[in-house]
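The values are calculated or read from the model by the stated rules, or taken from the named source; none is laboratory data. Computed from a predicted structure; not experimentally measured. All Cβ positions, even for glycine, are placed from backbone atoms using ideal geometry, and neighbour counts span all protein chains on display.
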Amino acid sequence: MSRKVTKAIFPVAGLGTRFLPATKSIPKEIMTLVDRPLIQYAIDEARAAGITEFIFVTSRGKSALEDYFDLAPELETALRQKGKDDMLEMLESTNMADGAIAYIRQHMALGLGHAVWCGRRLIGDEPFAVILPDDVIASDKPCLQQMIEAYEETGGNIVAAMEVPEEKASSYGILATSEDNGVRVKVKGMVEKPEKGTAPSNLAVIGRYILTPAVMNRLNDMKKGAGGEIQLTDAIAAEIDGKDGVYGLRFKGQRFDCGSKAGFLQATVAFGLSRPDLQDEFGEYIDALAASRADAS
Ligand code: UTP
């Protein structure tokens, strides 16, 4: 039987250049989707999937992220005194258990594979999840939960996969597949950011992974790959012919690429419209905007 997945690495040491100048002083992961920072969505998804140990790989300038997960005693006292119980409850729901979070520094942004490798001592000899908080996934069953179930069934490495249009393939890691049951595919190859027209399929890997300790061992070799970075994809691809293999899971849910400006804006609209406290006022605005754009065209 495969071991239970209870640890997750959150690589948050990237430079976030696509959101400059905001990311000069604010970590990308603290940027808010409606009223919750991106990192809170990632933590909530992990907790719902049974993760109990949260490993953040951070870098210089990310102290706001550490502060976010600290208690806010003054705020809690003020809310209690004012009888704002619902806000207090919401605030307390973001509190983390003592010792549940560990912060590791990646001293230089050498790539996602390197960031994950920085967490190796805390992972030890266990399977683990990797969550990129830039990818926010709206779904009934948390995406990570779907992946852990696929891991429990197969015992192999699981990457979250979604279909992308051909012209977008060069922005992703793309899977070559040998078996496909419509939900899960057996992976026979992975190419990071293939050149136009060379992608082996339209199945792209997005920022959720369940990995075996063998992948962490592969990262010990750490050779630079696409873009001169140490790529997590390369270490996973090296395990395709390994004991446990690699599977892609077509997860159920909608993924927003909040690492890009357009994706972030789309997520803001979608999450805003799904919120009961906002949907009337915000929905009216969006409808009026759509109507005036239609009239203008
Ligand atoms: P991105 O490719 O989105 O890079 O990294 P980035 O630096 O965050 O953003 P841009 O492209 O400059 O705007 C994907 C994920 O991998 C992490 C990032 O923090 C992000 O969660 N990462 C990337 C690291 O932790 N370390 C690295 O060396 C590279």
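Would you confirm whether or not the stretch 71-90 contains a residue that is small (Gly, Ala, Ser), surrounded by 13 or more Cβ atoms within 10 Å (Cβ to Cβ) and within 16 Å of the ligand (Cβ to nearest atom)?
First pass over the stretch 71-90, keeping only residues small (Gly, Ala, Ser): 72, 78, 83.
Checking which are surrounded by 13 or more Cβ atoms within 10 Å (Cβ to Cβ) leaves us with 72, 78.
Narrowing further to those that are within 16 Å of the ligand (Cβ to nearest atom): none.
No, every residue in the stretch 71-90 fails to be small (Gly, Ala, Ser), surrounded by 13 or more Cβ atoms within 10 Å (Cβ to Cβ) and within 16 Å of the ligand (Cβ to nearest atom).
So in the stretch 199-217, with the set limited to residues that are closer than 15 Å to Leu144 by Cβ, touching a Leu at 6+ places or on another chain (Cβ under 7 Å) and of a type outside the set (A, V, I, L, M), which one is surrounded by the most Cβ atoms within 10 Å (Cβ to Cβ)? Please lay out each step first, then the result.
So the first thing to find is which residues in the stretch 199-217 are closer than 15 Å to Leu144 by Cβ, and the list is 205-211.
Then keep just the ones that are touching a Leu at 6+ places or on another chain (Cβ under 7 Å); that gives 205, 207-208.
Narrowing further to those that are of a type outside the set (A, V, I, L, M): 207-208.
On the way: Gly207: 23, Arg208: 28.
Checked the stretch 199-217; the qualifying residue surrounded by the most Cβ atoms within 10 Å (Cβ to Cβ) is Arg208.
Tell me the helices (runs of 4 or more DSSP H) entirely within the stretch 65-131 that contain at least 3 residues that are over 20 Å from the mean Cα position of the chain (by Cα). Write out each step before concluding.
Numbers: elements: 73-81, 85-92, 112-117, 120-123.
In the stretch 65-131, 73-81, 85-92 are the helices (runs of 4 or more DSSP H) which contain 3 or more residues that are over 20 Å from the mean Cα position of the chain (by Cα).
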> For the stretch 262-284, does any single residue satisfy the condition of being within 17 Å of Ile206 (Cα to Cα) and out of contact with any strand residue (DSSP E or B) (no Cβ under 9 Å at 6 or more places or on another chain)?
Replying inline: yes
>> Among the residues of the stretch 128-154, what is the count of those that are crowded, with 16+ Cβ neighbours inside 10 Å and of a type in the set (Gly, Ala, Ser)?
In response: 2
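Tell me, which residue of the stretch 132-148 that is touching a strand residue (DSSP E or B) at 6+ places or on another chain (Cβ under 9 Å) and part of a loop (DSSP other than H, G, I, E, B) is nearest to Val183 (Cα to Cα)?
The initial filter retains those residues of the stretch 132-148 that are touching a strand residue (DSSP E or B) at 6+ places or on another chain (Cβ under 9 Å), namely 132-139, 143-144, 146-148.
Filter again for part of a loop (DSSP other than H, G, I, E, B), leaving 132-134, 139.
Numbers: Leu132: 22, Pro133: 23, Asp134: 24, Ser139: 15 Å.
By that ranking, first place goes to Ser139.
Can you find a residue in the stretch 255-265 that is surrounded by 16 or more Cβ atoms within 10 Å (Cβ to Cβ), more than 16 Å from the ligand (Cβ to nearest atom) and not aromatic (Phe, Trp, Tyr)? Lay out the reasoning, then the answer.
Of the residues in the stretch 255-265, the ones surrounded by 16 or more Cβ atoms within 10 Å (Cβ to Cβ) are 255-259, 263-264.
Okay, now just the ones that are also more than 16 Å from the ligand (Cβ to nearest atom), so none.
Among the residues of the stretch 255-265, not one is surrounded by 16 or more Cβ atoms within 10 Å (Cβ to Cβ), more than 16 Å from the ligand (Cβ to nearest atom) and not aromatic (Phe, Trp, Tyr), which makes the answer no.
Please count how many residues of the stretch 32-58 are more than 20 Å from Lys7 (Cα to Cα), assigned to a loop (DSSP other than H, G, I, E, B) and either free of Cβ contacts under 8 Å to residues at least 60 places away in the same chain or charged (D, E, K, R) (or both). Before you say what the answer is, go through the steps one by one.
Step one: of the stretch 32-58, the residues more than 20 Å from Lys7 (Cα to Cα) are 32-37.
The next check asks that each one be assigned to a loop (DSSP other than H, G, I, E, B); those that pass are 34-35.
Still in the running and either free of Cβ contacts under 8 Å to residues at least 60 places away in the same chain or charged (D, E, K, R) (or both): 35.
So the count comes out to 1.
Would you point out which residue out of Asp44, Asp67 is surrounded by fewer than 18 Cβ atoms within 10 Å (Cβ to Cβ), acidic (Asp, Glu) and either within 15 Å of the ligand (Cβ to nearest atom) or at pLDDT 90 or above (or both)?
Step by step, each of Asp44, Asp67 is checked, and only Asp44 is surrounded by fewer than 18 Cβ atoms within 10 Å (Cβ to Cβ), acidic (Asp, Glu) and either within 15 Å of the ligand (Cβ to nearest atom) or at pLDDT 90 or above (or both).
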> In this structure, is Gly61 within 13 Å of the ligand (Cβ to nearest atom), assigned to a loop (DSSP other than H, G, I, E, B) and either modelled with pLDDT under 90 or under 17 Å from the mean Cα position of the chain (by Cα) (or both)?
Replying inline: yes
